[in-house]
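Chemist: Below is a structure I'd like to ask you about.
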Amino acid sequence: MAARRRLHDPVKSFKGATAVITGGASGIGLATAHSLAKRGAQLVIADIHADNANRAASEIRAAEAFVGDVSTEQAFADLR
């Protein structure tokens, strides 16, 4: 039986990198945020729900919350 390939390298470091996770306050976005934080990334949790974004950012100490709808060009520019 062939060995299974992993979908990601669990030891890959993202130290020094910053990731913006849209929809990062719940579901797949939140799981991605936790995974990247464990690997050393600084995060911006972007979500349209303020309470959820702030809760996720406080859970993940290497994160900041951004509340807004990044589907608009202006809101995306506000991330900078």
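The values are calculated or read from the model by the stated rules, or taken from the named source; none is laboratory data. As the structure is a prediction and not an experimental result, all values here were calculated from the model. Accessible surface areas use protein heavy atoms only, side chains included; no ligands, DNA or RNA. Shrake-Rupley method; radii C 1.70, N 1.55, O 1.52, S 1.80 Å.
Chemist: Residues of the range 13-50 being of a type in the set (A, V, I, L, M, F, W, C), in a helix (DSSP H, G or I) and more than 26 Å from Glu73 (Cα to Cα), which ones?
Modeler: As a first pass, look at the range 13-50 and keep what is of a type in the set (A, V, I, L, M, F, W, C): 14, 17, 19-21, 25, 28, 30-31, 33, 36-37, 41, 43-46, 48, 50.
If we keep only those that are in a helix (DSSP H, G or I) as well, we get 28, 30-31, 33, 36-37, 50.
Across the range 13-50, the qualifying residue is only Ala37.
Chemist: Just to verify a result, which residue in the range 54-79, among those that are modelled with pLDDT under 90, open to solvent by 40 Å² or more (accessible area, probe 1.4 Å) and among the small types (Gly, Ala, Ser), is nearest to Thr32 (Cα to Cα)?
Modeler: It comes out as Ser71.
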